[in-house]
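Report on the structure given below.
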Amino acid sequence: MRLKINLETKKNSILDFNYQYYLASSLYNIIRNVDLDFANKLHEKRTFKFFTFSKLFIKNREILEEGIKILDGKVYLYLSSPLEEFIRKIIYALFESGEIKIKDLSFYVQQISLLESPKIDNEVIFKTLSPICLRTKKEINGVLKDYDLLPSDKEFKEKLIKNLKKKYESFYKTQCKYDIENIKILSWKPKRIKIKNLYFRCSEMIFKIKGDKELLKFGYECGFGEKNSMGFGMVGIGGNINGNQNKAKKDI
């Protein structure tokens, strides 16, 4: 299931470039305010949390040295999860709160739309709505360290598939009988995003993926790669990421 959330803040507000951590924290906090037990279970999970969200889309903006100037105050984002309970909770929490705090900025909820699920076949072109984060362990100067994988790394595709199947097995609590046949990277560019005090190298990309449609649909709903609940790995169908990539089923 997927939501489009329209927000508004004061005109000409300056948004920090590294806002993802604050946005993720705010989503947890507003859920906590309406259902503490659910929020604690979600936060305490040491494995996958089965939701993701996009970057903020800002049509009228100006890039400044100190951040992104939101000229008309209007932004929107997408939020997605295969977990219906999570979608119900976040809708209720957003209406109860009425706002999302991102660092020192208040963004007020203007509209929430439940989007139609697209038809996903066995071969799809996806474009990232938030960059894909993928990590491995690598020995650097004799010390085993976390290493951020990019599409130029030979392990990237293999790790991406393994991560998706592992999430599927964790969600459905069964062995994944589906597989990915091929991933072709059509274009990509690196990004560097700060989460708390750590920087992550990640990738905005367009890729063609071929495999069992059940697994592709799960990736669409849950996100590709790691740290989905921190706003990484959300994808849209095809190259149309600005504007309405899906029709709204209904406004809530």
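Which shape class, rounded, prolate or oblate, goes with the chain when its Cα gyration tensor gives a ≥ b ≥ c as root eigenvalues, a/c under 1.5 marks rounded, and past that a/b bigger than b/c marks prolate?
Numbers: a/c = 1.44, a/b = 1.26, b/c = 1.14.
Here the chain falls in the rounded category.
Could you please put 128, 174 in sequence from largest to smallest accessible area, using a 1.4 Å probe?
Of 128, 174, the descending order of accessible area is 174, 128.
Considering only Cα-Cα distances, which of the following residue pairs are longer than 32 Å: 69/167; 103/138; 49/74? Walk me through the intermediate numbers first.
Numbers: 69/167 37 Å; 103/138 34 Å; 49/74 28 Å.
Violating the 32 Å limit, Cα to Cα: 69/167; 103/138.
Could you work out the relative contact order of the range 47-144, using alpha carbon pairs under 8 angstrom and six or more residues apart, expressed as a whole percent? Let's see the in-between values first.
Numbers: 70 pairs, mean separation 20.5, N = 98.
In percent, rounded to a whole number, it is 21.
Accessible area of residue 88, 1.4 Å probe, to the nearest 10 Å²?
140 Å²
Order the following by accessible area, largest value first: 230, 1, 205. Probe radius 1.4 Å; ligands, DNA and RNA are ignored.
Values: 230 40, 1 65, 205 5 Å².
Per-residue accessible area, sorted high to low, gives 1, 230, 205.
I'd like to check one number: the per residue accessible area of the chain, probe 1.4 Å, reported in Å² as a whole number. Walk me through the intermediate numbers first.
Working: 13200 Å² over 252 residues.
Result: 52 Å² per residue.
Can you sort 62, 96, 226 by solvent-accessible area, 1.4 Å probe, largest first? Don't skip to the end; give the middle numbers.
Values: 62 80, 96 115, 226 50 Å².
Greatest to least solvent exposure: 96, 62, 226.
Restricting attention to the range 148-211, which GluC sites (Glu not before Pro) occupy a DSSP loop and are surrounded by at most 13 other Cβ atoms within 10 Å? Walk me through the intermediate numbers first.
Details: sites: 155, 158, 169, 181, 204; in loops: 155.
Passing sites in the range 148-211 are 155.
Starting from the Cα of residue 139, step 7 Å along the direction of its Cβ; do the same at residue 34; then give the gap between the two resulting points in nm.
Calculated label separation equals 5.1 nm.
To test your reading of the geometry: what angle, between 0 and 90 degrees and rounded to tens, separates the Cα axis of helix 213-222 from the longest principal axis of the chain?
Tilt of helix 213-222: around 40 degrees.
Out of all DSSP beta bridges with both ends in the range 54-165, state the antiparallel percent to the nearest 5.
On the way: 15 of 15 bridges.
The answer is about 100 percent antiparallel.
Assign one of three labels to the range 32-81, namely rounded, prolate or oblate, based on the Cα gyration tensor with a ≥ b ≥ c the square roots of its eigenvalues; rounded applies when a/c is under 1.5, prolate when it is not and a/b is larger than b/c, and oblate otherwise. Don't skip to the end; give the middle numbers.
On the way: a/c = 2.77, a/b = 2.60, b/c = 1.07.
Verdict is prolate for the range 32-81.
Per the 1.4 Å probe, what fraction of the accessible area of the range 44-89, in percent, lies on carbon and sulfur atoms? Walk me through the intermediate numbers first.
Values: 1010 of 2400 Å².
Its accessible area is 42 percent carbon and sulfur atoms.
Identify which of 111, 175, 20 has the largest mean-square fluctuation in a Gaussian network model of the chain, with springs joining Cα atoms closer than 10 Å.
175
Might you report the magnitude of the Cβ-based charge dipole of the chain about its Cα centre, with Lys and Arg at +1 and Asp and Glu at -1, to the nearest 20 debye? It would help to have the intermediate numbers written out before the result.
Working: 48 positive and 32 negative charges, 77 e Å.
I would put it at about 380 debye.
Which is farthest toward the positive dipole end of the range 137-232 among 175, 160, 231, measuring Cα position about the Cα centre, with Cβ charges +1 (Lys, Arg) and -1 (Asp, Glu)?
Farthest towards the positive end: 231.
For the chain, take the longest principal axis of its alpha carbons; what is the angle in degrees between that and the long axis of helix 84-97, to the nearest 10 within 0 to 90?
The angle comes out at about 20 degrees.
Grab the beta carbon distance between residue 195 and residue 237, set R0 = 30 Å, and tell me the FRET efficiency rounded to 0.05. Kindly include the intermediate steps, with their values, before the conclusion.
On the way: r = 27 Å, r/R0 = 0.90.
It comes out at approximately 0.65.
Give the carbon-plus-sulfur fraction of the accessible surface of the range 117-189 in %, rounded to a whole number; probe 1.4 Å, heavy atoms of protein chains only.
Ligands and nucleic acids excluded, carbon and sulfur reach 45 percent.
Calculate the FRET efficiency for residue 84 and residue 170 from the Cβ-Cβ distance with a Förster distance of 22 Å, rounded to the nearest 0.05. Intermediate results must be reported in sequence, preceding the final value.
Values: r = 17 Å, r/R0 = 0.77.
Approximately 0.85, to the nearest 0.05.
The values are calculated or read from the model by the stated rules, or taken from the named source; none is laboratory data. Note that the coordinates shown come from a computational prediction; the quantities given were computed from them, not determined experimentally. Note that each Cβ is placed from the backbone with ideal geometry, even for glycine, and that neighbours are counted across all protein chains shown. In case anyone asks, the SASA skips ligands and DNA or RNA and just uses the protein heavy atoms, side chains included. Shrake-Rupley method; radii C 1.70, N 1.55, O 1.52, S 1.80 Å.
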